[in-house]
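What follows is a set of notes on a single structure, which appears directly below.
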Amino acid sequence: MIPDLQASFVCEDVRVEASGSHTIVGIINGIGAPSLPVRLLKFCVWTRWCSGSGRFTQLTKIVYPDEDKTLVHATTEFTLGDQDSHVTNVNIFAGLEFGDEGIYHVEVYLDDELKLRYPLRVFVPPLA
């Protein structure tokens, strides 16, 4: 049974507590920098899958504004035991550099099928 993608977002960090729960730090809506390129020490993509069973592969991509090239990608294999299961995947990209202004896209695939695509704006704010 193919799972549902319950949620996905980008953030600065994800901490796993002793209880197994996640503490999310700094959800990123866009990246504003005084100049480009800008390098982020840590950039995380958090995803949660539910209501499926079987073995799956998640592919996470950050796509350049020209939509022709991929800035970075990660593959995560996971298993869901039954339709009441859930799994949370966190892709951590260290030292990720954004060189150009524009709308990048985060893409989440399940077994090579695009499940979610959302924009991530990188910009230099105007001087006040």
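Screening residue 92 with (1) closer than 14 Å to residue 42 by Cα; (2) over 15 Å from the mean Cα position of the chain (by Cα) gives one miss only, at (2).
Is one or more of the residues making up region 42-51 more than 23 Å from residue 115 (Cα to Cα) and open to solvent by 30 Å² or more (accessible area, probe 1.4 Å)? Checked region 42-51: at least one residue is more than 23 Å from residue 115 (Cα to Cα) and open to solvent by 30 Å² or more (accessible area, probe 1.4 Å). Restricting 85, 35, 51 to those that are among the polar types (S, T, N, Q) and in contact with a Pro (Cβ under 7 Å, 6 or more places away or on another chain) reduces the list to 51. When we screen 107, 67 for residues that are more than 15 Å from the chain's Cα centre (by Cα) and among the acidic types (Asp, Glu), the only hit is 67. Against the conditions (1) open to solvent by 80 Å² or more (accessible area, probe 1.4 Å); (2) within 23 Å of residue 1 (Cβ to Cβ); (3) in contact with a Ser or Thr (Cβ under 9 Å, 6 or more places away or on another chain), residue 73 satisfies every one except (2). Condition first: charged (D, E, K, R) and open to solvent by 50 Å² or more (accessible area, probe 1.4 Å). Now tell me which residues in region 97-111 satisfy that. Those that are charged (D, E, K, R) and open to solvent by 50 Å² or more (accessible area, probe 1.4 Å): 97, 100, 101, 111. The residues of region 1-25 that are in a strand (DSSP E or B) and loosely packed, with under 11 Cβ neighbours inside 10 Å, listed by number, are 15, 23. Among (1) under 14 Å from the mean Cα position of the chain (by Cα); (2) farther than 21 Å from residue 5 by Cα; (3) exposed (fewer than 12 other Cβ atoms within 10 Å of the Cβ), there is one condition residue 114 misses while meeting the rest; what is its number? It is condition (2) that residue 114 fails.
The values are calculated or read from the model by the stated rules, or taken from the named source; none is laboratory data. Computed from a predicted structure; not experimentally measured. Because the Cβ atoms are built from the backbone with ideal geometry, glycine has one as well, and the counts that use them run over all protein chains shown. Protein only, heavy atoms only, side chains kept; ligands, DNA and RNA dropped before computing areas. Shrake-Rupley method; radii C 1.70, N 1.55, O 1.52, S 1.80 Å.
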